[in-house]
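This report concerns only the one structure given below.
The values are calculated or read from the model by the stated rules, or taken from the named source; none is laboratory data. Note that this is a predicted model, so its numbers are computed, not measured. Counting neighbours? That spans all protein chains shown, and the Cβs are built from the backbone with ideal geometry, glycine included. Remember, those area values only see protein heavy atoms, side chains included, never the ligands or the DNA or RNA. Shrake-Rupley method; radii C 1.70, N 1.55, O 1.52, S 1.80 Å.
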Amino acid sequence: MKSFYITTAIDYANGDPHLGHAYEKVLTDVLARFRRLMGDRVHFLTGLDEHGQKVQQSARKRGIEPIELCNEAADAFQGLCRRLNVSNDDFIRTTEERHKQVVRSILQDLFDRGEIYLSEYKGYYSARAEQFLQEKDKVDGAWPEIYGEVVEISESNYFFRLGKYQDWLIEHIKSHPDFIFPRFRAKQVLEFLKEPINDLCISRPKERLEWGISLPFDENYVTYVWFDALVNYISAVGYGTAEFEKRWPVDYHVIGKDILVPPHAVYWPIMLKAIGVEMPKGLLVHGWWLTSGQKMSKSTGEVVDPLNLVDQFGADAFRYFVTREMNVGQDSEFSVELYMSRYNSDLANDLGNLLNRVLTMTPRYCGETFPPMSISEDPETELEAVWQDTETRVVELYEELQFHKGLELAFNFIRSINRYAEQRSPWKLAKSEDARDREIMETALTLMAEALRRAVGLLEPVMPDTTARVYELLGYKSEAAWRDRIKASQALVGSKIGEKTILFPRPQKED
Ligand code: MSP
């Protein structure tokens, strides 16, 4: 069985989960679930980035130990995963021993081989960004707001020889067009690599930062955040043991566009190259959720608590909205109005009404089970043709990571089923005494249910609970593989129809 390893970025422990974090987990989960349904053995990793100055400062402010703050954050982020129905197989925390031990062994190895060296550093430093700056980072002669206070410092630090791998990296990116998705982002990386890259400062003296992993060869320093955080992708899957070979190379690191250059597209490949580990197969780079054109983040104060939306409308509605609305790679604007409009039109109306029609009319006109389908005329064959097209195309689109388009097609198909229902109008035929009318009515009701069953099959990676609930309400049970399940026809004839249930209730109007 093919193994498929996928990761999210690990979120900073210093801050509450917001829509951006929730989106990344859902996107990764949709892909993980899709691959599982396609028969791959998936390993899905997410986690928490716990070290660094901000955590140390926040903990100090609250008079607690950094680890206590991290424990709270781990609860919050793990809670988020559960509430969003995210099917991660593992959750790594960078304070765990399994991680620290790998970071230390890599550092020691690189140091022993002269890839890490000690040097005097003089220059500008931003505590807010935890980053050294250069003159070229100034905008119109001043430090941009995001860096906060910038001070000049001079200190000894350890450096990793990034520079010597620059040509190799350029060549790797050029010769592996699938390394960065969407492809246009690779241009951005190559643009960055046109200038010579500096070696990477990988340490902080403990007087400035205690909350980190000590360098194994110099206890006076801890390692810089990125060198610590990126290693999670290999420490979590047993780097250094036989286990590792089963998982690596990773299929996708799913990340936001803000952490592509330089961390994931420059530091990480070079770190792996230096320790002799194969390159990741792909970086899946998504865009940002914006509110009023601004990146949603803690510092702008414009944050949406995803859990409120999940509380109000359920995890599947949230998962549907973010997957349907975001073209992977682009930015997308969030607003409650857009959320409600998708919820009402697609979920409550198109999908909800169809289910409602099936669950109400079938028992009323046909009894407890779905009747046989004996008619096959234009309306039936047309619907079948739309289905054939939809099924093939949606799976292709999912393979191409075009989930928003896949969902669009799946919902177009749902609308076709509703049109078919209007065309056949079983509620009118029910009034007829004619035997043929009855056959058409029975065919129409079962076919609507069959088509609905297939449509929700296509939604399974995105809305797993909805698929399971609809299957249950249609009395459908099957152990078959995903594509065989959704391809099956006549699967419902004779199965028992469930109680009328509203899956996506319309929100109560507030007075
Ligand atoms: N800790 C680092 C990542 C280390 S990975 C080895 C970090 N953390 S973060 O909490 O700031 O961001 C985590 C992920 O959430 C990133 O991939 C980031 O792009 C994503 N998002 C944060 N805000 C976002 C939006 N407003 N919209 C979409 N995703 C964004 O960076």
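For Ser58 and Glu219, what does the FRET efficiency come to when R0 = 30 Å and r is the distance between their Cβ atoms, rounded to the nearest 0.05? After rounding, the FRET efficiency stands at 0.75. Taking 16 Å as the straight-line reach from the Cα of Lys136, the aspartates and glutamates in range (excluding those fewer than 8 positions away in the same chain) are Glu145, Glu152, Glu191, Glu195. The heavy atoms of Ile106 present about 10 square angstrom of accessible area, all protein chains included, probe 1.4 Å. For Lys281, the solvent-accessible surface computed with a 1.4 Å probe is close to 100 Å², ligands and nucleic acids excluded. Using a probe of 1.4 angstrom and keeping all protein chains present, the accessible surface of region 372-428 works out to 45 square angstrom per residue.
In this calculation the C-beta distance from Arg506 to Ala468 is compared with R0 = 25 Å, giving a FRET efficiency of 0.65. Taking only alpha carbon atoms, the chain gives an Rg to Rh ratio of 1.06, where Rh is the Kirkwood radius. Within straight-line reach of Lys54, meaning a Cα separation under 18 Å, sit the following lysines at least 8 residues removed in sequence or on another chain: Lys206, Lys298. Residues whose amide H falls under 5 Å from that of Val42, counting only those 5 or more places apart or on a different chain, are Phe4, with hydrogens built in the peptide plane. Taking all protein chains together and a 1.4 Å probe, the residues Tyr320, Tyr365 rank Tyr365, Tyr320 from largest to smallest accessible area. Pairs with C-alpha atoms separated by more than 32 Å, drawn from the list Lys164/Lys405; Lys164/Lys246; Lys2/Lys194, are Lys164/Lys405; Lys2/Lys194.
Among Glu152, Glu24, Glu396, the order of accessible area from largest down is Glu152, Glu396, Glu24, computed with a 1.4 Å probe on protein heavy atoms.
Ignoring ligands, DNA and RNA, please state the percent of accessible area on region 354-511 from carbon and sulfur, probe 1.4 Å.
Exposed carbon and sulfur together represent 46 percent of the surface.
From its DSSP helices (H runs of at least four residues, each -39,500 (n - 2.57)), the chain gives a residue-normalised ellipticity at 222 nm of -14000 deg cm²/dmol.
Screening the chain for whole DSSP H helices of 27 Å or more along their axis (Cα) with average Kyte-Doolittle hydropathy at least -0.5 returns 435-458.
On full extension, the segment bounded by Leu338 and Lys194 gains 47.8 nm, given 0.36 nm per residue less the C-alpha separation. Looking at region 157-220, the GluC sites (Glu not before Pro) that sit in a DSSP loop and have at most 12 other Cβ atoms within 10 Å of their own Cβ are Glu207.
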